[in-house]
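Report on the structure given below.
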Amino acid sequence: MSAPGARHGGSSRTLARRLRRYFLVGLIIVAPVGLTAFVLTWIFRRIDAILGVPLQRAIGTQVPGLGLVLLILVILGVGWLVHLAAGRQLLNWWNHSLTRFPLTGRIYSAISQIVQSVIGGRRKLFLRTVLIPYPTEGIWAVAFVTNESAPLLSERIGEPCVNVFIPTTPNPTSGFMLMVPSKRVLSIDTSVEDAMKLVVSAGAVNPTESPEVTMRPGIDVELLLKDTGEWKDTPS
């Protein structure tokens, strides 16, 4: 016959284990929601401030979201205007005016070509995922091919090259652009999305075995409960 103190101690440990599991599962569910809300709020505030701040100074009051609505209307209006003959003439005058100045002309021309190539041409920025030897031989880095051919650079180097982007961890918006000989590039059967998860997680989340095999969107509840012990108490 077990003593009352032993039974009380066992139930306390069981309760503590359950509370830890509840907290872990709750944290895994709440954290993505909170981070998603934070990112969307940050983006909303930055975009809304483009026209929202001048509008607030003009009318003396702040209306959240009004700057974003006006920005969308301005973009739609510009797109509609360019489809007209007068709008095309205005655009040509605008291009000619900005490109006349050395500093603004170079910046404006470079940005215009990038935006038109990626958005206007419906071209993917990252074409495929590869591995390249970086920063030294024997060590491999995940990279994304941004251009399959670089004729001028390849002619200078003396062999076919590709342009690749190496993202940094855990912030993949920064990184390095390298020109790598094609024979030094190893293609891997991994989607850009899965490879990006690997980079952002600092290697904690491995890519799936095949691009066709993907994880469920959002939180996989069954896998979550399995990873946290399937709610079965384990012996202490």
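The values are calculated or read from the model by the stated rules, or taken from the named source; none is laboratory data. All figures in this text were calculated on a predicted structure; none of them were measured in a lab. A quick note on method: Cβ atoms are made from the backbone with ideal geometry, for glycine too, and the neighbour counts reach across all protein chains shown. Surface accessibility is based on the protein's heavy atoms, side chains included, excluding ligands, DNA and RNA. Shrake-Rupley method; radii C 1.70, N 1.55, O 1.52, S 1.80 Å.
The table below gives the values:
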{"quantity": "Subset of the stretch 64-79 [among the aliphatic types (A, V, I, L, M) and open to solvent by less than 70 Å² (accessible area, probe 1.4 Å)]", "calculated": "Leu66, Leu68, Leu70, Leu71"}
{"quantity": "Unmet requirement for Lys124, which otherwise passes all of (1) exposed (fewer than 10 other Cβ atoms within 10 Å of the Cβ); (2) at pLDDT below 85; (3) not in a helix (DSSP H, G or I)", "calculated": "(1)"}
{"quantity": "Residues that are among the acidic types (Asp, Glu) and within 23 Å of Ser201 (Cβ to Cβ), drawn from the stretch 122-169", "calculated": "none"}
{"quantity": "Residue tally, condition in a helix (DSSP H, G or I), open to solvent by less than 100 Å² (accessible area, probe 1.4 Å) and either among the β-branched types (Val, Ile, Thr) or farther than 17 Å from Gln113 by Cα (or both), over the stretch 80-102", "calculated": "7"}
{"quantity": "Strands (runs of 3 or more DSSP E) completely within the stretch 130-236 that count 2 or more residues being modelled with pLDDT under 90 and open to solvent by 30 Å² or more (accessible area, probe 1.4 Å)", "calculated": "none"}
{"quantity": "Matching residues, the stretch 29-53, being surrounded by fewer than 13 Cβ atoms within 10 Å (Cβ to Cβ) and touching a residue at least 12 places away in the same chain (Cβ under 8 Å)", "calculated": "Pro32, Val53"}
{"quantity": "Residues located in the stretch 132-163, provided they are among the charged types (D, E, K, R) and touching a residue at least 12 places away in the same chain (Cβ under 8 Å)", "calculated": "Glu148, Glu159"}
